[in-house]
1. Quick check on Arg154: is it open to solvent by 20 Å² or more (accessible area, probe 1.4 Å), out of contact with any strand residue (DSSP E or B) (no Cβ under 8 Å at 6 or more places or on another chain) and not hydrophobic (A, V, I, L, M, F, W, C)?
2. Under 8 Å between Cβ atoms, which residue pairs at least 6 apart in sequence (or on different chains) link something in the range 231-249 that is hydroxyl-bearing (Ser, Thr, Tyr) with a partner that is in a loop (DSSP other than H, G, I, E, B)?
3. Let me spell it out: the conditions are (1) assigned to a helix (DSSP H, G or I); (2) among the hydrophobic types (A, V, I, L, M, F, W, C); (3) open to solvent by 10 Å² or more (accessible area, probe 1.4 Å); (4) under 20 Å from Phe283 (Cβ atoms), and Val138 meets all of them except one. Which number is the exception?
4. Give me the strands (runs of 3 or more DSSP E) completely within the range 1-111, filtered to those with at least 1 residues that are open to solvent by 30 Å² or more (accessible area, probe 1.4 Å), ordered by residue number.
5. Just name the residue that is surrounded by the most Cβ atoms within 10 Å (Cβ to Cβ) out of those in the range 185-229 that are modelled with pLDDT under 95 and under 21 Å from Asp115 (Cβ atoms).
6. Can you run down the residue pairs with Cβ atoms below 7 Å, 6 or more apart or on separate chains, where the first is in the range 166-177 and free of Cβ contacts under 8 Å to residues at least 60 places away in the same chain and the partner is of a type in the set (D, E, K, R) and buried (at least 17 other Cβ atoms within 10 Å of the Cβ)?
7. Could you tell me which of the residues Asn290, Asn279, Asn284 is surrounded by fewer than 22 Cβ atoms within 10 Å (Cβ to Cβ) and either over 16 Å from the mean Cα position of the chain (by Cα) or at negative phi (or both)?
8. Going through the range 157-167 one residue at a time, which ones are open to solvent by 60 Å² or more (accessible area, probe 1.4 Å) and in a loop (DSSP other than H, G, I, E, B)?
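The values are calculated or read from the model by the stated rules, or taken from the named source; none is laboratory data. This structure is a prediction, so every number in the text was calculated from the model and none was measured. Glycine also receives a Cβ, built like all others from the backbone with ideal geometry; neighbour counts cover every protein chain displayed. We work out accessible area using only protein heavy atoms, side chains counted, and drop any ligands, DNA or RNA first. Shrake-Rupley method; radii C 1.70, N 1.55, O 1.52, S 1.80 Å.
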Amino acid sequence: MARVDLDGNPMKALTICMIGAGGFIGSHLCEKLMSETPHTVLALDVYNDKIKHLLEPSDSPWAGRITFHRLNIKHDSRLEGLIKMADLTINLAAICTPADYNTRPLDTIYSNFIDALPVVKYCSENNKRLIHFSTCEVYGKTIGAFLPKDSPLRKDPAYYVLKEDESPCIFGSIEKQRWSYACAKQLIERLIYAEGAENGLEFTIVRPFNWIGPRMDFIPGIDGPSEGVPRVLACFSNNLLRGEPLKLVDGGQSQRTFVYIKDAIEAVLLMIENPARANGHIFNVGNPNNEVTVRQLAEIMIKVYSKVSGEQTPETPTVDVSSKEFYGEGYDDSDKRIPDMTIINRQLGWNPKTSLWDLLESTLTYQHRTYAEAVKKVIAKPVAS
């Protein structure tokens with residue numbers, strides 16, 4: 001039976017050029033596209049470890065529908081040709097590790113703005129649709145963050161719920177280099193929007209709010225670089241796996257929401273298959289029902305990990321550290337990030353389903369197993385004499 005879009009129109013099989021297909025989000029999106037749709041994927045990335053299981057079996061039901069192209073979009077003449085071959089380009093490539101924002105600001109700006117420019121240009125010049133992955137960080141700080149601590153307005157959603165078409169993007173001062181990432185991401189959004197307005201580029205912008213699940217980056221030295229501080233959930237995972245206290249930056253008072261990767265990928269598939277409803281829109285993709293402070297997140301993760309691993313809760317489960325000590329000079333943060341879901345719900349009928357406990361259980365079960373397997377390999381390695 002032919003697939004139909006949300007308006008009941010039959011869909012043709014698409015060829016999708018996916019930049020960053022080998023990462024956490026890309027691997028889940030490739031899986032979804034292979035197992036549930038007739039679409040073909042040109043998978044572009046530097047690494048393919050997370051999608052190897054989709055590439056290797058020559059007798060798989062999707063054999064021939066996914067091909068891997070090892071390239072770095074910074075300097076590869078094949079990029080435009082691959083974009084031309086596709087109906088749609090999805091750009092997932094980015095440096096998105098908070099510790100890099102103020103320690104490697106130049107790399108962060110180049111990766112998220114300069115390196116994305118050719119992708120936008122080739123899509124616009126060749127009349128190809130673009131789904132560009134941005135970040136919830138483009139919102140910066142909430143208006144509520146500037147109100148007096150005891151102001152009753154701090155509890156008013158109008159001052160902290162983030163709306164794609166209304167909320168201002170408020171960043172810290174220039175010396176707070178932590179905003180280099182958000183600023184680069186905002187500028188590429190503005191460029192894409194301008195290409196749409198002036199040159200008719202068909203685009204959709206995705207603003208993810210903490211997508212969580214198996215294969216997320218990274219356990220340093222195991223499924224990612226051994227240097228650098230990963231995002232909060234991955235940091236806590238590392239601490240739990242190593243039996244260390246969870247480090248709460250500035251007391252863990254920041255508030256965040258978390259959404260399960262499989263729920264989020266459902267939203268992306270709706271964008272891919274419903275261009276008439278998704279083109280020209282920016283979409284928050286998050287789960288406002290899974291809102292916690294970072295301290296509460298740590299407490300839940302400790303309980304979930306104890307259940308998953310069968311290990312006792314440590315005597316000193318958490319320790320407080322300053323942001324300067326943890327991230328270095330120039331760090332700054334947003335207090336609260338709650339996505340408004342009105343637009344995505346209206347356009348695509350999407351709502352997230354998975355609870356925080358369930359998504360943490362799925363993620364930590366995977367990480368516990370991956371870590372145990374990696375440790376076994378290290379122990380089993382013969383020592384050179």
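1. yes
2. Ser237/Ile219
3. Going through (1) assigned to a helix (DSSP H, G or I); (2) among the hydrophobic types (A, V, I, L, M, F, W, C); (3) open to solvent by 10 Å² or more (accessible area, probe 1.4 Å); (4) under 20 Å from Phe283 (Cβ atoms) one by one, Val138 breaks only (3).
4. Per the criteria, 15-19, 40-45, 66-70.
5. Step by step, filter the range 185-229, then rank; the result is Phe218.
6. Hits for this filter: Ile170/Lys141.
7. Sole residue among the options that is surrounded by fewer than 22 Cβ atoms within 10 Å (Cβ to Cβ) and either over 16 Å from the mean Cα position of the chain (by Cα) or at negative phi (or both): Asn279.
8. Lys163, Asp165, Glu166
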